[in-house]
Amino acid sequence: MYKIPVSVLVLIHTTDLQILLLERVDHPGYWQSVTGSQEPNESLRQTALREVTEETGLNPNQFSLIDWKTQNQYTIYEEWRWRYAPGITQNTEHIFSLRIPEPIPISVSAREHLGYIWLPWQQAANKVFSESNAEAIRLLPSKPSA
């Protein structure tokens with residue numbers, strides 16, 4: 001089954017804006033926030049909650065998940081296009097943030113990630129491979145509800 005070209009980006013951060021980043025197993029050195037594609041009959045909020053649980057082991061219902069009501073359109077990296085129906089080259093990404101009190105240990109999904117780090121937001125924005133991820137991190141300090 002092909003992936004739906006609609007996804008979420010979830011910035012998990014502390015109140016003092018330390019950002020959780022995950023290192024991709026299929027591309028060591030590629031760091032990112034929690035991401036994932038929407039599944040059929042799933043709301044964007046449900047996608048965000050599911051991806052946080054799958055990728056970190058956290059129970060996102062214990063924290064404040066904010067839908068930024070913001071989306072990005074980007075070209076899917078060539079190396080990952082096989083996951084989508086033939087001819088699909090664009091993805092629409094919806095941004096969320098999840099605020100937690102302080103950096104805590106997480107359980108990464110071994111099939112998706114090699115490890116994790118917590119970084120101050122400026123360093124995190126410079127470390128992620130995706131420009132849309134970097135831009136969302138740079139906007140986080142200006143989000144009053146995040």
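Solvent exposure of R138, expressed as accessible area, is near 100 Å², computed with a probe of 1.4 Å over the protein chains only. Spin-label pair T92-T15: with each label point 7 Å from Cα along the Cα-Cβ axis, the two points sit 3.6 nm from one another. Heavy atoms of the protein chains alone define the surface here; on that basis the chain has 51 Å² accessible area per residue at 1.4 Å probe size. Antiparallel DSSP bridges in region 1-115: what percent, to the nearest 5? Bridges in region 1-115 are about 65 percent antiparallel. Projecting the Cα atoms of L20, Q122, P40 onto the charge dipole of region 15-123 (Cβ charges, centred on the Cα centre) puts P40 farthest toward the positive pole. Ranking T14, T89 by solvent-accessible area of protein heavy atoms (1.4 Å probe, all protein chains present), from largest to smallest, gives T89, T14.
Normalising the average separation of contacting C-alpha pairs (under 8 angstrom, six or more residues apart) by the number of residues puts the relative contact order of region 46-103 at 39 percent.
Could you work out the relative contact order of region 19-121, using alpha carbon pairs under 8 angstrom and six or more residues apart, expressed as a whole percent?
On the way: 141 pairs, mean separation 40.4, N = 103.
Here the relative contact order equals 39 percent.
D by Stokes-Einstein for region 1-48, Kirkwood Rh over Cα pairs, 37 °C, 0.692 mPa s: 267 µm²/s. For K69, the lysines whose Cα comes closer than 19 Å to its Cα, not counting residues fewer than 8 places off in the same chain, are K143.
From its DSSP helices (H runs of at least four residues, each -39,500 (n - 2.57)), the chain gives a residue-normalised ellipticity at 222 nm of -6000 deg cm²/dmol. Only protein atoms count toward the accessible area here, which uses a 1.4 Å probe; on the chain, the carbon and sulfur part of that area reaches 51 percent.
The values are calculated or read from the model by the stated rules, or taken from the named source; none is laboratory data. Fair warning: this is a prediction, and the values are worked out from it, not measured in the lab. All Cβ positions, even for glycine, are placed from backbone atoms using ideal geometry, and neighbour counts span all protein chains on display. Heavy atoms of the whole protein, side chains included, go into the accessibility calculation; ligands, DNA and RNA do not. Shrake-Rupley method; radii C 1.70, N 1.55, O 1.52, S 1.80 Å.
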